[in-house]
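Just passing along the structure, written as structure tokens.
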Amino acid sequence: MTTFGYTTKTTIAASIFSVLSAPSFAASIGQTDINYGGYIKLDAIWSDFSDGTLGSGNIGRDFYVPGTTPVSATSSEDAVFDMHARQSRFNLATTTKLDDGSDIKTKIELDFIASIGGNERVTNSYSPRLRQAYVSYKGWTFGQAWSNFQNVSALPETLDFVGPAEGTVFVRQAMVKYDVGSWSFSAENPESTVTTADNARVVTDDASMPDFTARYTYNADWGQFVIAALARQLTYKLGAADETETSLGISASGRINFGKNNLKFMLTQGQGLGRYVGLNVANGAVYDGSNLHAIDSTSGFIGYQHHWNDELRSTFLYSFFSADNDDNLLSISGNPTKSSQSFSANLLYSPVKKLTFGVEYKVATRDTEANLDGDLNRLQLSAKYVF
């Protein structure tokens, strides 16, 4: 489980979150405690694509991005090998005790993956990117953080950066959020991805209101259950066009404990979810020259983690995405993704609590509305130390 507090911090070993650990204490200045944390991670990735390959620098070679899996009418296998430490990250957090007994907390977090700048020719230097930056006060959160529509604690433990990429809600963005008891509500930064007549993805930023979310979290001895709702406005206001469409979604997720083992899951359904699910494997809507048409989708995952002993554990994961594309709009929207799914299994070894070595194998498939498909077979080796 990942929380936004600073007394504890959860990460997921050799994945986007791994190994439960407390941030390291750095210093106290007056009434403010300063803490730092993060990890160093090396990834070695062998990828075999059934229908072509991804070019050097493509994000789909650093981690699994369902929409990048190549598809073509002819099959030609091509395997590539990559090694990088770009997932390594650092965070700095503060907690200040106020005179009324309450706390004001801040956190800023950086990593180097999916950022522009840098190359692999000589120095492999990459620009840091902002992951999170927020302040929390009396139930309010202001800044950039994980979307309230996403349940981060439901993400299974994988070596891949995201893991169930096509099956999970996955968004970080600017927001104002309020937590009260088991409920949380937020207004978040809007953005729409739209397919146009030339089959291009247009990213629009002209919504007249923020995205709204509401979430309820139930925690029990057996695990956790979360249900979240999203309501937002899709827009296309370019040239003479001035179109809007409503997007609604609901997501149920959680964790069931079996002693040290656990089962994690998520199921998300909605219209126009676009960038919120599957790493934007489908756009939010199609513009036919006159109107916007929201794209319906269903996605989800289920992952089981088994601890073989105190040092060895494995996660077995299935993830899927399915889009309900309008057949009448296919001439406009080209050859969009119809479905994507992946299976993975790993073996993780932690000789000490904060050090993890792992191996993971993933098989993935992407199908399009033109009945073209492409497969990915990926073997990943990782070493990670949390500090």
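The values are calculated or read from the model by the stated rules, or taken from the named source; none is laboratory data. Given the structure is predicted, the values throughout are model-derived calculations rather than measurements. Positions of Cβ are backbone-derived with ideal geometry, glycine not excepted, and every protein chain shown enters the neighbour counts. Protein only, heavy atoms only, side chains kept; ligands, DNA and RNA dropped before computing areas. Shrake-Rupley method; radii C 1.70, N 1.55, O 1.52, S 1.80 Å.
So, in the range 221-230, exactly how many residues are loosely packed, with under 15 Cβ neighbours inside 10 Å and not acidic (Asp, Glu)? Don't jump to the end; show me each part of the working.
Step one: of the range 221-230, the residues loosely packed, with under 15 Cβ neighbours inside 10 Å are 221-222.
Next, only the ones that are not acidic (Asp, Glu) stay: 222.
Number of matching residues: 1.
Right, here's the next one. If we keep just the residues of the range 336-353 that are touching a residue at least 40 places away in the same chain (Cβ under 8 Å) and open to solvent by 60 Å² or more (accessible area, probe 1.4 Å), which is farthest from residue 64 (Cα to Cα)?
353
Mind checking which pairs have a first residue in the range 159-173 that is within 18 Å of residue 360 (Cα to Cα) and a second that is assigned to a helix (DSSP H, G or I), Cβ under 7 Å, 6 or more apart or different chains?
165/66; 166/66
OK, next. Could you grab me the full set of residues in the range 196-220 that are open to solvent by 40 Å² or more (accessible area, probe 1.4 Å) and closer than 20 Å to residue 252 by Cβ? Show your work before the answer.
First pass over the range 196-220, keeping only residues open to solvent by 40 Å² or more (accessible area, probe 1.4 Å): 197-199, 201, 203, 205-206, 208-210, 212, 215-216, 218-219.
212, 215, 216, 218, 219 - these are the residues of the range 196-220 that are open to solvent by 40 Å² or more (accessible area, probe 1.4 Å) and closer than 20 Å to residue 252 by Cβ.
If I ask for residues that are surrounded by 20 or more Cβ atoms within 10 Å (Cβ to Cβ), assigned to a strand (DSSP E or B) and without any contact (Cβ under 8 Å) to a residue 60 or more places away in the chain, which ones from the range 182-195 would you list?
186, 188
What's the number of the only condition in (1) in contact with a His (Cβ under 8 Å, 6 or more places away or on another chain); (2) within 30 Å of residue 244 (Cβ to Cβ); (3) not small (Gly, Ala, Ser) that residue 369 fails to meet?
(1)
Let me ask you something else. Looking for whichever is modelled with pLDDT under 90 and closer than 27 Å to residue 254 by Cα here; the options are 10, 74, 53. Which one fits? Before the answer, list the steps.
Details: 74 fails: closer than 27 Å to residue 254 by Cα; 53 fails: closer than 27 Å to residue 254 by Cα.
Just a single option satisfies the conditions, and that option is 10.
Another question about this same structure. Write out, first by first residue and then by second, each pair whose Cβ atoms fall under 7 Å of each other, whose residues are 6+ apart or on separate chains, and whose first residue, in the range 288-312, is farther than 20 Å from residue 192 by Cβ while the second is open to solvent by less than 70 Å² (accessible area, probe 1.4 Å) and of a type in the set (Lys, Arg).
Here the result reads 303/264; 305/313; 306/313; 307/313, each pair linking the range 288-312 to a residue that is open to solvent by less than 70 Å² (accessible area, probe 1.4 Å) and of a type in the set (Lys, Arg).
Name the residue, out of 127, 153, that is open to solvent by 30 Å² or more (accessible area, probe 1.4 Å) and not in a strand (DSSP E or B). Lay out the reasoning, then the answer.
On the way: 153 fails: open to solvent by 30 Å² or more (accessible area, probe 1.4 Å).
Answer to the check: 127.
Of everything in the range 234-277 that's under 25 Å from residue 348 (Cα atoms) and part of a loop (DSSP other than H, G, I, E, B), which residue is least open to solvent (accessible area, probe 1.4 Å)? First the steps, then the outcome.
Going through the range 234-277, the residues under 25 Å from residue 348 (Cα atoms) turn out to be 253-266.
If we keep only those that are part of a loop (DSSP other than H, G, I, E, B) as well, we get 259-260.
Numbers: 259: 73, 260: 120 Å².
Filtering the range 234-277 for residues that are under 25 Å from residue 348 (Cα atoms) and part of a loop (DSSP other than H, G, I, E, B), the one least open to solvent (accessible area, probe 1.4 Å) comes out as 259.
Further, regarding this structure: Listed residues 25, 90, 63; which is modelled with pLDDT of 95 or more and open to solvent by 30 Å² or more (accessible area, probe 1.4 Å)?
Of 25, 90, 63, the one residue that is modelled with pLDDT of 95 or more and open to solvent by 30 Å² or more (accessible area, probe 1.4 Å) is 90.
Could I ask something else about it? Could you say whether any residue in the range 315-327 is out of contact with any strand residue (DSSP E or B) (no Cβ under 8 Å at 6 or more places or on another chain) and among the charged types (D, E, K, R)? Walk me through how you get there before you give the answer.
Initially, the range 315-327 is screened for residues out of contact with any strand residue (DSSP E or B) (no Cβ under 8 Å at 6 or more places or on another chain), giving 327.
In the following step, the residues that additionally are among the charged types (D, E, K, R) were identified as 327.
Yes, there is a match, as at least one residue in the range 315-327 is out of contact with any strand residue (DSSP E or B) (no Cβ under 8 Å at 6 or more places or on another chain) and among the charged types (D, E, K, R).
For the condition modelled with pLDDT of 95 or more, touching a His at 6+ places or on another chain (Cβ under 9 Å), surrounded by 16 or more Cβ atoms within 10 Å (Cβ to Cβ) and over 24 Å from residue 152 (Cα atoms), what is the one hit in 294, 285?
Numbers: 294 fails: touching a His at 6+ places or on another chain (Cβ under 9 Å).
Being modelled with pLDDT of 95 or more, touching a His at 6+ places or on another chain (Cβ under 9 Å), surrounded by 16 or more Cβ atoms within 10 Å (Cβ to Cβ) and over 24 Å from residue 152 (Cα atoms) holds for just one of 294, 285, which is 285.
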